[in-house]
Amino acid sequence: MVFRNVILLISISIVAVAHSYAPAWGFYGHRKINRMAVFTLPETILPLYKKNIEYLTEHAVDPDKRRYATKNEFARHYIDIDHWDTLPFNNVPRLYKDAILKFGSLKGVTDNDTTTIEFSEEYQDNVYQNLLYEYRFDPVIPIDQKSIGNLMDIGGGSYSEVYFDNDIVNYGISPYFLEYFYGRLIYAFKKKDVDQILKVSADIGHYISDAHVPLHTTLNYNGQLTGQIGIHAFWESRLPELYADESYEFIVGRAEYIEDMRTYIWDIIATSHALLPEVLAKELLIKQEFPEDKQFCFDDRLGKTIWTQCPEYSKAYHDSMGDMVESRMQASILAVGSFWYSAWVEAGQPDLEVIENVVLETDQEAKEKLDAATNDGKIYGREHE
Ligand SMILES: [Zn+2]
């Protein structure tokens, strides 16, 4: 009996370790991607980024930390695009406003029911601008009945509450948020606001890298629908940690000016999603090849002993996908550099000479707050994006 309890205790602590905090691409991967993106930049903006390379590296994981501190952060890191459509996603509007209106619905609550309020096209622009726009990244948008009553007929007085069920947010908004955030970076360049340029650059590097991970584009994000729980961290954290330093090439060429950023973003999502079948199938294959006791081992990571996929097992999975993990990391690096550079071009190529010697220091108080929330361990949204 005692023996049994010990086993139980051990398995509980193993589960606890397996579920501890790990960002997409791991700390290692996100930092590496932001860092290497600096070296893709042309001379025109290189000095500012190079001076702040430590800042950009360190803050590459802030968005994942914010998932513990901010309620609506989670949805920015992924899109479960297969909830809405299959490749090439012709039924998914590329414009956020259109997506919200297509997938969301206006709800009226009565004493014993919640009904959908018909919402014809002629009112959509007005309702969107006046009542939804400000809260468009929230999953539920409360609607003031008087305000909407001024815009359209909702059968006045019969509801105790009216709200907009913004369903798109529940399945992730990665490509839409990237476009919005790109706009913020352009704006920061226009203002030559060095704080904002670097903060948004560090953050956007994270979101771009997440979009490059095939498992960030599916409902089956952690293999939970196909009996492959744990594949999320396996692919995006464990594999790069084991192989990136020793065998990946991180000099990836020059950042490019992207004229049509919306199409570029959606191409990233489509490419990631197209790789998904292979990501899943190859792991299933390896699972069948390796006896169960050769799949998981204790291993040292950052001075801690963790229960994780064995090196040999990891190598088999890694090699079975060819250079997929490496090339998605490389593509992330190039895309991050191209976002930064394109934002500067779109801003009218402002002369950065006056700000290029600024070295941004980490706001210590903000950092401590974020770290405390992260260590607290209560995450909003789901554990693996
Ligand atoms: Zn993330």
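All of the numbers you see were taken from the coordinates with simple rules; none came from a lab. What you see is a predicted model; the values in this text were computed from it and never measured. Cβ placement follows ideal geometry from the backbone for every residue including glycine, while neighbour counts extend to all protein chains displayed.
Side notes on the structure shown:
- Scattering from the range 105-165 was approximated by placing one identical point on each alpha carbon and applying the Debye formula without solvent; log10 I(q)/I(0) at 0.25 1/Å stands at -1.13.
- Contour excess over end-to-end distance, with Cα ends at GLU134 and ILE306 and 0.36 nm allotted per residue: 57.6 nm
- Directionally averaged projected area (the range 252-385, Cα convex hull): 12.9 nm².
- Alpha-carbon Rg with Dmax, taken over the range 313-353, Å: 16.9, 51
- A Förster radius of 51 Å, combined with the Cβ-Cβ distance separating ASP351 from ASN91, puts the computed FRET efficiency at roughly 0.70.
- Computed label-point distance, nm, for sites THR226 and THR44 using a 7 Å Cα→Cβ extension: 4.3 nm
- Among MET324, MET329, the ranking by other beta carbons within 10 Å of each residue's beta carbon, starting with the fewest, stands as MET324, MET329.
- Over all Cα atoms in the chain, the spread is summed up by Rg and Dmax: 22.8, 73 Å.
- Inverse of mean 1/r across different Cα pairs in the range 169-231, Kirkwood, Å: 13.3 Å
- Per-residue Karplus couplings for the range 337-342, computed as 6.51 cos²θ - 1.76 cosθ + 1.60 with θ equal to phi - 60°, are listed in order as x, 5, 4, 4, 5, 5 Hz, Gly and Pro entered as x.
- Inter-centroid distance (Cα atoms) of the range 30-70 relative to the range 318-376, Å: 3 Å
- In Hz, Karplus ³J(HN,Hα) per residue of the range 308-325 (6.51, -1.76, 1.60; θ = phi - 60°; x = Gly, Pro): 8, 4, 5, x, 5, 4, 4, 5, 4, 5, 4, 5, 5, 9, x, 9, 4, 5
- Inter-label distance, ASP113 to THR271: 5.0 nm, where each label sits 7 Å from its Cα along the C-beta direction.
- As a ratio to 2.2 N^0.38 Å, the alpha-carbon radius of gyration computed for the range 119-198 takes the value 1.43.
- Couplings 3J(HN,Hα) for the range 359-365, derived from phi with the Karplus relation 6.51 cos²θ - 1.76 cosθ + 1.60 (θ = phi - 60°), are 10, 7, 9, 5, 5, 4, 5 Hz, where x marks Gly and Pro.
- Distance in nm between pseudo-label sites at VAL359 and LYS315 (7 Å out along the Cβ direction from Cα): 4.1 nm
- The rule of thumb for compact globular proteins, 2.2 N^0.38 Å, goes into the C-alpha radius of gyration of the range 331-379 1.72 times.
- Globularity index of the range 30-99 is 1.53 (Cα radius of gyration / 2.2 N^0.38 Å, N = number of residues).
- Under the Debye formula (equal points on every Cα, no solvent term), log10 I(q)/I(0) of the range 218-322 at q = 0.10, 0.12 Å⁻¹: -0.37, -0.52
- Restricting the range 288-385 to trypsin sites (Lys or Arg not before Pro) in coil, as DSSP defines it, with at most 16 other Cβ within 10 Å: LYS378, ARG382
- Modelled FRET efficiency - R0 35 Å, ALA372 with GLN288, Cβ distances, 0.05 increments: 0.20
- Residue list for the range 117-145, given a label point 7 angstrom along the Cα-to-Cβ vector of ASP98 and an amide N cut-off under 16 Å: 121, 124-125
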